[in-house]
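Colleague: Questions regarding the structure given below will be posed in turn.
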Amino acid sequence: MNAGPSPVPLPYSAPDLQRLLGADWSRLLWTAYRWMRTARALDERMIALQRQGRVGFYGPGTGQEAVSIAAGLATHENDWVFPGLREQLVALVRGHPLGTYVHHLFADGLDPGLGRQMPCHPTAREVHQVSMSSCVGTQITHAVGCAYGFRFRHDAAVALAFFGDGGTSVNDFHAGMNFAGVFHLPVVFCCTNNQWAISMPVERQSHVAELASKAAAYGMPGRRVDGSDFIETYLQLSQALEAARRGEGPTLLEFVIYRMSPHTTSDDPGRYQPKDWKERAAEHDPMPRLEQLLGALGLLSQDLVREMDRQIDATLREAVAAAEATPPPGPDTLERDVFAPSQPVAGTD
Ligand SMILES: Cc1ncc(C[n+]2csc(CCOP(=O)(O)OP(=O)(O)O)c2C)c(N)n1
Ligand SMILES: [Mg+2]
C-alpha cells in the first residue's frame, strides 16, 4: 500500500459517513478509491509512454484526483462538464470508456476526435463532456453559455466549469462569472487551485488571500475547499450542484490542491519550484488520505489493494495494446464531421 503521512487526523467515523453520504457511503468511498488508483496508474503509464515516444504529449492530474472523481460521482447524467487540462477523469468516472480515452491519447483511428486534438483533449459527448478548450479560462464562458441554454430549454441540468488558479486572471473569468451572477444561472465554477500556472506561483497570480473571495464581486457564494479531502470535496460539490438545480444560481468553489507532477510532459518544474515542493505536495496527496480512512474503517486490506492494482494494470495493458494495434485515422476521414454533405446549388451543373 501507498500509505504516506496524512497532515490532518482522520475526522470521519462510520456513523458520520452514513449521515453525510447516505446509506451507500462505503460503496461511494470504494468507488472513489478505485478511481484514484486507476487515475494514478494511467498518469504513470502515459508519462512513461510519452518518454518512450509512443504518446505525443500528456497532462497529468496527479494530486488533483479527488476533485475530478467527486465531480464525476456528484453530477447527474444530464449535467454538462467543461474541463480544463486535468479533468478528463471526470468523463471516465461518468462512463466514458477508458479504452476510448486511450485511443484518443494515441490519436488513432478509433479516437472519437479522429486525431485532430492534442492528447488529453478528448471529446466525450455521450457523457456530456466537451473537448477541452486549450486557451486558458475559455471553458468558463462556454459553461455559462451552456447554462443559459438550459434556461431556455427548461432543462434542470447544471454546467460545471473547470479552470485553474491561472484561469482566474483571464478576461473570460470576469465575463463568465458576471453573466452567471446577473442571470442567476445553474453553473458550478470549479477553480482547481493547484498553486501553479506552469511556473507562476499563485501568490504572484493574484493579490487576494483566497481565490474563492472573488465570488463576492459577482453576488454568488464562494467557498474554499480542501481538494485533497475527497469527502469534503464531494459534499461541497453536491451542495453547489443541488443549489444550482433548485434555481439558487451559481457557486464558486476553490479547491486547494497540490500539483504533484510537472505542468505537462513538456515541462521541467525543477527549474522553478522550491526544493521542498515535492515533499509538501506529497503531504496533501488525496490517495493515502482516503486509503488511511478506509483502512481505519476496516474496509481495506493489502490483498484487496493488490488485486485492485492487478485488475487496473491488466485493463491499461489491454487498452494500450488495442490503441497501438489501431492504424491512424485514414485520409478518407479528413472531411468527416467538418463539412455537411455537399448540396447541389440550384441553377448550376
Ligand atoms: C490564453 C492562454 N494563455 C496562455 C496559455 C499557455 N498556458 C497553458 S496552461 C497555462 C497555465 C494554466 O494554469 P492554471 O490555469 O493554473 O491551470 P493548471 O495548468 O495549473 O491546471 C498557460 C499559461 C494558454 N493556453 N492560453
Ligand atoms: Mg494551476
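The values are calculated or read from the model by the stated rules, or taken from the named source; none is laboratory data. Predicted model, so just to flag it, every value in this text is computed and none were measured. Ideal geometry is used to build each Cβ from the backbone, glycine not excepted, and the neighbour counts take in all protein chains shown. The protein model used for the area step is the full one, side chains on, heavy atoms only, and it has no ligands, DNA or RNA in it. Shrake-Rupley method; radii C 1.70, N 1.55, O 1.52, S 1.80 Å.
Colleague: Can you tell me which residue within the range 173-186, out of those that are in contact with a helix residue (DSSP H, G or I) (Cβ under 7 Å, 6 or more places away or on another chain) and open to solvent by 30 Å² or more (accessible area, probe 1.4 Å), is nearest to ligand 2 (Cβ to nearest atom)?
Modeller: Ala175
Colleague: Name every residue in the range 133-142 that is touching a helix residue (DSSP H, G or I) at 6+ places or on another chain (Cβ under 7 Å) and at negative phi, in order of residue number.
Modeller: Answer for the range 133-142, where residues must be touching a helix residue (DSSP H, G or I) at 6+ places or on another chain (Cβ under 7 Å) and at negative phi: Ser133, Val136, Thr138, Ile140, Thr141.
Colleague: Can I ask one more? May I ask you to list the residues in the range 86-134 that are of a type in the set (D, E, K, R) and open to solvent by less than 20 Å² (accessible area, probe 1.4 Å)? Quick ask: steps written out before the conclusion?
Modeller: Step one: list which residues in the range 86-134 are of a type in the set (D, E, K, R), which gives 86-87, 94, 108, 111, 116, 125-126.
Residues satisfying the conditions are Glu87, Asp108, Asp111.
Colleague: Of (1) more than 19 Å from Thr138 (Cα to Cα); (2) buried (at least 17 other Cβ atoms within 10 Å of the Cβ); (3) in contact with a Leu (Cβ under 9 Å, 6 or more places away or on another chain), Ile47 satisfies all except one. Which?
Modeller: So Ile47 meets the others, but not (3).
Colleague: Pick from Arg280, Arg271: which is basic (Lys, Arg), surrounded by fewer than 13 Cβ atoms within 10 Å (Cβ to Cβ) and modelled with pLDDT of 95 or more?
Modeller: Among Arg280, Arg271, only Arg271 is basic (Lys, Arg), surrounded by fewer than 13 Cβ atoms within 10 Å (Cβ to Cβ) and modelled with pLDDT of 95 or more.
Colleague: While we're here: Report whether or not Pro83 is touching a residue at least 24 places away in the same chain (Cβ under 8 Å), open to solvent by less than 30 Å² (accessible area, probe 1.4 Å) and touching a strand residue (DSSP E or B) at 6+ places or on another chain (Cβ under 8 Å).
Modeller: Here the answer is yes, as Pro83 does meet what is asked.
Colleague: Then there's this: For the range 147-169, which residues satisfy the criterion of being away from ligand 1 (no atom under 16 Å from the Cβ), in contact (Cβ under 8 Å) with a residue 12 or more places away in the chain and not hydrophobic (A, V, I, L, M, F, W, C)?
Modeller: Tyr148, Arg151, Asp155
Colleague: A follow-up question, please. So which residues in the range 208-221 are part of a loop (DSSP other than H, G, I, E, B) and more than 16 Å from ligand 1 (Cβ to nearest atom), if there are any at all?
Modeller: First, pick out the residues of the range 208-221 that are part of a loop (DSSP other than H, G, I, E, B): 208-210, 219-221.
Matches in the range 208-221: Ala209, Gly219, Met220, Pro221.
Colleague: Right, here's the next one. If I filter the range 151-172 down to residues being open to solvent by 10 Å² or more (accessible area, probe 1.4 Å) and of a type in the set (A, V, I, L, M, F, W, C), which single residue comes out as nearest to Cys135 (Cα to Cα)?
Modeller: Filtering first and then ranking leaves Val170.
Colleague: Show the residue pairs that are 6+ apart or on different chains and have beta-carbon atoms under 6 Å apart, the first residue being within the range 129-146 and at pLDDT 95 or above, the second being among the acidic types (Asp, Glu).
Modeller: The qualifying pairs are Gly137/Asp172; Thr138/Asp172; Ile140/Asp172; Thr141/Asp172.
Colleague: Confirm whether Ala325 is open to solvent by 50 Å² or more (accessible area, probe 1.4 Å) and small (Gly, Ala, Ser).
Modeller: yes
Colleague: Determine if the range 41-57 includes at least one residue that is in contact with a Lys or Arg (Cβ under 6 Å, 6 or more places away or on another chain) and touching a residue at least 60 places away in the same chain (Cβ under 8 Å).
Modeller: No, the range 41-57 contains no residue that is in contact with a Lys or Arg (Cβ under 6 Å, 6 or more places away or on another chain) and touching a residue at least 60 places away in the same chain (Cβ under 8 Å).
Colleague: Please specify each residue of the range 170-186 satisfying the condition of being within 13 Å of ligand 1 (Cβ to nearest atom) and in contact with a strand residue (DSSP E or B) (Cβ under 8 Å, 6 or more places away or on another chain).
Modeller: Of everything in the range 170-186, just one residue is within 13 Å of ligand 1 (Cβ to nearest atom) and in contact with a strand residue (DSSP E or B) (Cβ under 8 Å, 6 or more places away or on another chain), namely Phe173.
Colleague: Among the listed residues Phe163, Phe189, Phe179, Phe152, which satisfies the condition of being farther than 30 Å from Trp277 by Cβ, of a type in the set (Phe, Trp, Tyr) and modelled with pLDDT of 95 or more? Give the derivation first.
Modeller: On the way: Phe163 fails: farther than 30 Å from Trp277 by Cβ; Phe189 fails: farther than 30 Å from Trp277 by Cβ; Phe152 fails: modelled with pLDDT of 95 or more.
The unique qualifying residue is Phe179.
Colleague: Taking the conditions exactly as written (more than 23 Å from Glu65 (Cα to Cα) and more than 21 Å from the chain's Cα centre (by Cα)), does Val170 satisfy them or not?
Modeller: no
Colleague: Would the range 187-203 turn up any residue that is more than 10 Å from ligand 1 (Cβ to nearest atom), assigned to a strand (DSSP E or B), open to solvent by less than 30 Å² (accessible area, probe 1.4 Å) and β-branched (Val, Ile, Thr)?
Modeller: Yes, there is a match, as at least one residue in the range 187-203 is more than 10 Å from ligand 1 (Cβ to nearest atom), assigned to a strand (DSSP E or B), open to solvent by less than 30 Å² (accessible area, probe 1.4 Å) and β-branched (Val, Ile, Thr).
Rundown of residues vs (1) in a loop (DSSP other than H, G, I, E, B); (2) under 28 Å from Gly145 (Cβ atoms); (3) not aromatic (Phe, Trp, Tyr), yes/no style:
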position	(1), (2), (3)
Leu42	no, no, yes
Met46	no, no, yes
Val55	yes, no, yes
Pro60	yes, no, yes
Ser68	no, yes, yes
Ala71	no, yes, yes
Gly99	no, no, yes
